[in-house]
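Enquirer: Sharing a structure, written as structure tokens. Questions coming.
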Amino acid sequence: MEFLTEHKGREAEIIDLFTLAFTVSEGEEEGELIGKLVRNLLDGTAEKDLFVFTADEDGTVIGGIIFSRLTYEQDERILFILAPVAVAPHQQRKGIGQRLLTHGLAALRRAGVDIVITYGDPSYYAKVGFVPISEADAQAPMPLSRPEGWLGQSLTHRAMAPLKGPSRCVEALNNPVFW
């Protein structure tokens, strides 16, 4: 297995992975929704605002994670939000997701990103260093339906201090259905 950062020309395979993984775990409607989200992230987000990492085995995408820019207008720190994450159903529970996340976070650290935020299962993301954060310390772009899933991680040697001001996500995530 190898981790890749190049996604150009592989968009259809990446979209199919996310669609399948979410269809199997959450149902067809959710699979279609996340597949469309991934398509919109890949097609409509500026390259400087997007990091895409895949886990490949024998030339096939078996895992994928996407980070997109999250901006706090009154804060100079560089932030990205992790969403979504997928591993092929037949490859789950093998540690692929955690290894891919560790790889992606290290790459963002090297790229000068200060903080990564995600919105998901606290017990899963804690395995790669995410901790719960409050909306008082980091206002979400939209109201959260599950505030306990709002998680963050500093990629610098400094603790994650509160973020200043309202936040703005990329257009593909700017939809209440994802929050």
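Enquirer: Going by what's in this entry, would residue 77 be described as at negative phi, of a type in the set (Lys, Arg), out of contact with any Lys or Arg (no Cβ under 8 Å at 6 or more places or on another chain) and part of a helix (DSSP H, G or I)? Don't jump to the end; show me each part of the working.
Expert: On the way: at negative phi: yes; of a type in the set (Lys, Arg): yes; out of contact with any Lys or Arg (no Cβ under 8 Å at 6 or more places or on another chain): yes; part of a helix (DSSP H, G or I): no.
No; evaluated as a whole, the condition is false for this residue.
Enquirer: Identify all residues within the stretch 1-15 that are in a helix (DSSP H, G or I), in contact (Cβ under 8 Å) with a residue 40 or more places away in the chain and farther than 18 Å from residue 83 by Cβ; write none if there are none.
Expert: Of everything in the stretch 1-15, just one residue is in a helix (DSSP H, G or I), in contact (Cβ under 8 Å) with a residue 40 or more places away in the chain and farther than 18 Å from residue 83 by Cβ, namely 13.
Enquirer: Here's something else I'd like to know. Just the residues that are of a type in the set (D, E, K, R) and in a strand (DSSP E or B), please, taken from the stretch 27-70. Talk me through it step by step, then tell me what you get.
Expert: Going residue by residue through the stretch 27-70, those that are of a type in the set (D, E, K, R) are 28-30, 32, 36, 39, 43, 47-49, 56-58, 69.
Across the stretch 27-70, the qualifying residues are 56, 57, 69.
Enquirer: Give the residue, chosen from 27, 44, that is in contact with an Asp or Glu (Cβ under 7 Å, 6 or more places away or on another chain), surrounded by fewer than 18 Cβ atoms within 10 Å (Cβ to Cβ), modelled with pLDDT of 95 or more and under 26 Å from residue 142 (Cβ atoms).
Expert: From the options 27, 44, the qualifying one is 44.
Enquirer: Step by step: first the residues of the stretch 133-158, then only those that are among the small types (Gly, Ala, Ser) and outside any loop (DSSP other than H, G, I, E, B), then the one that is farthest from residue 178 (Cα to Cα). Which residue is that?
Expert: Taking the candidates together, the pick is 154.
Enquirer: Any residue at all in the stretch 129-148 that's in contact (Cβ under 8 Å) with a residue 60 or more places away in the chain and touching a Cys at 6+ places or on another chain (Cβ under 8 Å)?
Expert: Yes, the conditions are met somewhere in the stretch 129-148.
Yes/no matrix, rows are residues, columns are (1) more than 23 Å from residue 152 (Cα to Cα); (2) in contact (Cβ under 8 Å) with a residue 24 or more places away in the chain:
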{"site": "26", "(1), (2)": "yes, no"}
{"site": "40", "(1), (2)": "yes, yes"}
{"site": "60", "(1), (2)": "yes, yes"}
{"site": "84", "(1), (2)": "no, yes"}
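Enquirer: Next question, about the same structure. Just name the residue that is nearest to the chain's Cα centre (by Cα) out of those in the stretch 104-148 that are of a type in the set (Val, Ile, Thr) and surrounded by 15 or more Cβ atoms within 10 Å (Cβ to Cβ). Write out each step before concluding.
Expert: Step one: of the stretch 104-148, the residues of a type in the set (Val, Ile, Thr) are 113, 115-118, 128, 131, 133.
Narrowing further to those that are surrounded by 15 or more Cβ atoms within 10 Å (Cβ to Cβ): 113, 115-118, 128, 133.
Numbers: 113: 14, 115: 12, 116: 9, 117: 8, 118: 6, 128: 13, 133: 16 Å.
Among those residues, the one meeting the criterion is 118.
Enquirer: With 49, 43, 56, 75 as the choices, which residue is within 21 Å of residue 95 (Cα to Cα) and among the acidic types (Asp, Glu)?
Expert: Sole residue among the options that is within 21 Å of residue 95 (Cα to Cα) and among the acidic types (Asp, Glu): 56.
The values are calculated or read from the model by the stated rules, or taken from the named source; none is laboratory data. Just so it is clear, the model here is predicted, and its values are computed rather than measured. For neighbour counting, all protein chains shown are included, and Cβ atoms are generated from backbone atoms with ideal geometry for every residue, glycine included.
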